[in-house]
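Novice: Take a look at the following structure, please.
None of the figures in this text is laboratory data; all of them are computed from the coordinates on show. The shown structure was predicted, so the numbers you read here are calculated from the model rather than taken from an experiment. Cβ coordinates were reconstructed from backbone atoms using ideal geometry, including for glycine residues, and neighbour counts include every protein chain displayed.
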Amino acid sequence: MTDACVVVNGLRKRFGPTIALDGMSFGVRPGLVTGFAGPNGAGKSTTMRVILGLDAADEGTALIGGRPYRDLRRPLCQVGSLLDASALQPGRTARDHLMWLARSQGLGARRVDAVIEQVGLRTAARRRAGGLSLGMRQRLGIAAALLGDPPVLIMDEPFNGMDPEGIIWIRALLRSLAAEGRAVLVSSHLMSELQDTADHVVVAGRGRVIADASVARLLETASGRRATLEEAYLE
Ligand code: ADP
Ligand code: MG
C-alpha cells in the first residue's frame, strides 16, 4: 500500500443505529483500475463520500496523496450520484452544465468540447438535460469529472443505467484513464461488471473489507471453490 495515492484507513461511520462503516481500510494505486465491489448497503458510497469530503467519518482517515480532500489544490470529481437528476437543471443543456463547471475551474469552451468528444456526448450535449437518458447522464457525469484532468477518479456505480454498448465503452475509457497513470476507483454491486474492468478489486461487506486482491487472484480463489466471483464474494 506504500505506493497508494488514496489511502482509506479504519473508517467508521454510523447513521443513527445503522453502522455504515466498520473499519473500512484499503488503498488505491495510480495506473490501475481498482474495483470496489459489494452488495447494496456494504458502505461503498459512504466510503467514497468520505474520501471526497462530502461526508465526515466518525473515526479513521481518508487521504489523497497524503492529504484530506479539503486540502487538495485540484478538485477531484465524483461520478454517478453527484450529477444525478436532482443536481441537473432540466431546462439547461448538457453543454451548459459543463460550461458552468468549467468556468468555476477556470477552464474554457475548448476543454468542454474536448471532453464532450471524449465521452461520446456530442449529439446529446445540445439537448436539455431533463430529457437525457440515464446512460447519457452518466456520460455527462463522467465528462464533468474529466474536465479538470484529475489524477484520481472516483466513480460510484458508473455502469448503472448503461446499455451493453455503454458498458463496453466505459470499461475501455476507465482502462485508458488508468493506463495514462491515473488512479481510478470504481464501485459496482455486480462483480461481473468489475471482472473485466478492474486490475484489482476491493470487496466490501457490512462496512469493512472482506477481500482485497488482483482480479486474477480472486478468480483463482473462487475457482478453487468451484464458484464464480459473484458466488464467492457477493453471496
Ligand atoms: P452501498 O453504496 O455499498 O450500497 P452505502 O454506503 O450507501 O452502501 O450505505 C451503507 C449503509 O449506510 C446502508 O445501511 C445505508 O442504508 C446507510 N446509509 C447510507 N447513507 C445514509 C444516510 N444518509 N442516512 C442514513 N443511513 C445511511
Ligand atoms: Mg452505493
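Novice: Quick one: Karplus J couplings for region 56-66, per residue in order, coefficients 6.51, -1.76, 1.60, θ = phi - 60°, nearest Hz, x for Gly and Pro?
Specialist: After applying 6.51 cos²θ - 1.76 cosθ + 1.60, I find 9, 7, 6, 8, x, 9, 9, 10, 10, x, x Hz.
Novice: Could you list F159, F36 in order of exposure, starting from the residue whose Cβ has the fewest other Cβ atoms within 10 Å?
Specialist: Details: F159 23, F36 29.
So the residues, fewest neighbours to most, are F159, F36.
Novice: Regarding the chain, what's the average projected area of the Cα-atom convex hull, expressed in nm²?
Specialist: 12.8
Novice: Expressed as a whole percent, how much of the Cα-Cα distance distribution for region 109-235 exceeds 19 Å?
Specialist: Values: 4233 of 8001 pairs.
Of the Cα pairs, 53 percent sit more than 19 Å apart.
Novice: Residue separation times 0.36 nm, minus the C-alpha to C-alpha distance between D149 and R67: what's the value?
Specialist: Values: separation 82, 0.36 × 82 = 29.52 nm, distance 1.88 nm.
Length gained, D149 through R67: 27.6 nm.
Novice: To continue, here is another question. Counting only residues 5 or more places away or on other chains, whose amide H sits under 5 Å from the amide H of V6 once H atoms are built in the peptide plane?
Specialist: Amide H neighbours of V6, under 5 Å, 5+ apart: V28, G65.
Novice: 222 nm [θ] for the chain, helices only, -39500 (n - 2.57) per DSSP H run of 4+, per residue, to 500?
Specialist: Numbers: 8 runs with 78 residues, N = 235.
Using -39500 (n - 2.57) per qualifying helix, the result is -9500 deg cm²/dmol.
Novice: What distance in nm separates the two pseudo spin-label positions at R225 and R128, each 7 Å out from Cα along the beta-carbon direction?
Specialist: With each label point 7 Å from Cα toward Cβ, the separation is 5.0 nm.
Novice: Can you give the local net charge around R208? Use residues other than it whose beta-carbon is closer than 10 angstrom to its beta-carbon, Lys and Arg +1, Asp and Glu -1.
Specialist: Values: positive: R12, R206; negative: D22.
Local charge sum for R208: +1.
Novice: If you don't mind, there's one more thing I want to ask. Over the Cα atoms of region 81-149, each weighted equally, I'd like the Debye log10 I(q)/I(0) at q = 0.18, 0.25 Å⁻¹, rounded to two decimals.
Specialist: After summing over all Cα pairs, the log10 values are -0.55, -1.11.
Novice: If you don't mind, there's one more thing I want to ask. Per 0.36 nm of contour for each residue apart, how much would the distance between I19 and I210 grow if the chain were fully extended, relative to their Cα-Cα spacing? Present the calculation step by step, with values, prior to reporting the outcome.
Specialist: Working: separation 191, 0.36 × 191 = 68.76 nm, distance 1.60 nm.
Result for the pair: 67.2 nm of gain on full extension.
Novice: Grab the Cα-Cα distance for E117 and Q89, subtract it from 0.36 nm times how many residues apart they are, and report the gain in nm with one decimal. Intermediate values should be presented prior to the final figure.
Specialist: Values: separation 28, 0.36 × 28 = 10.08 nm, distance 2.18 nm.
Once the chain is fully extended between E117 and Q89, it gains 7.9 nm.
Novice: Can you give the net charge of the other residues whose Cβ lies under 10 Å from the Cβ of R95, counting K and R as +1 and D and E as -1?
Specialist: +2
Novice: If you take every DSSP beta bridge fully contained in the chain, what fraction is antiparallel? Give it as a percent rounded to 5.
Specialist: Numbers: 21 of 36 bridges.
Taking every DSSP beta bridge within the chain, about 60 percent pair in antiparallel fashion.
Novice: Students often get this wrong: which residues of region 118-143 have the backbone nitrogen under 14 Å from the point 7 angstrom along Cα-to-C-beta of L190?
Specialist: What the label zone holds, given the 14 Å backbone N cut-off, is 135.
Novice: Going through the DSSP H helices of the chain, which span 15 Å or more along their own axis at the Cα atoms while scoring at least -0.5 as a mean Kyte-Doolittle hydropathy?
Specialist: On the way: long enough: 94-104 (16 Å, -0.39); 134-146 (18 Å, 0.76); 164-179 (23 Å, 0.88).
TM-like helix candidates: 94-104, 134-146, 164-179.
Novice: Amide H of V209: which non-local residues (sequence gap of 5 or more, or other chain) have their own amide H closer than 5 Å, using H built in the peptide plane?
Specialist: Amide H to amide H, under 5 Å and 5 or more residues apart or across chains, V209 pairs with S25.
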